[in-house]
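First up is the structure itself, then whatever we jot down about it.
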């Protein structure tokens, strides 16, 4: 079946640390993984995307791996802040003739989207 998988289910780390989460899918022909976070359970924020083995992260993130079926895309939050506490999503997407994915926050653009990882950042030092 066509599925998007994610891990870990949840993540708890201190401020200043880095955090990694991974996304994989089994959808033949899909070569893109898009990453979003939903802060305060409201708006979606675009974090970057991967086409094949090329990552295109927004500032403060790394995206590496393989976005093709059977591969694994890893999102790295370089330095956690209180603002990093959010629910993180990945989406598998088909190559689009319209060009590169835009920084869209429309949830309708999330194909085979699945909740990935709630991240809670401790305010303790």
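The values are calculated or read from the model by the stated rules, or taken from the named source; none is laboratory data. The structure presented is a predicted model; accordingly, all values stated were derived computationally and were not measured. Every residue, glycine as well, gets a Cβ built from its backbone with ideal geometry; the counts of neighbours run over all protein chains shown.
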| Members of region 18-30 that are part of a strand (DSSP E or B) and either free of Cβ contacts under 8 Å to residues at least 24 places away in the same chain or within 17 Å of residue 92 (Cβ to Cβ) (or both) | 21, 22, 23, 24, 25, 30
| query | Which of the residues that make up region 31-58 are modelled with pLDDT under 90 and not in a strand (DSSP E or B)? | reply | 39, 40, 41, 42, 43
| task | Return yes when residue 105 is in contact with a strand residue (DSSP E or B) (Cβ under 9 Å, 6 or more places away or on another chain) and at pLDDT below 95 and no when it is not. | result | yes
| query | Which one of these is within 14 Å of the chain's Cα centre (by Cα) and either loosely packed, with under 15 Cβ neighbours inside 10 Å or modelled with pLDDT of 95 or more (or both): 70, 65? | reply | 65
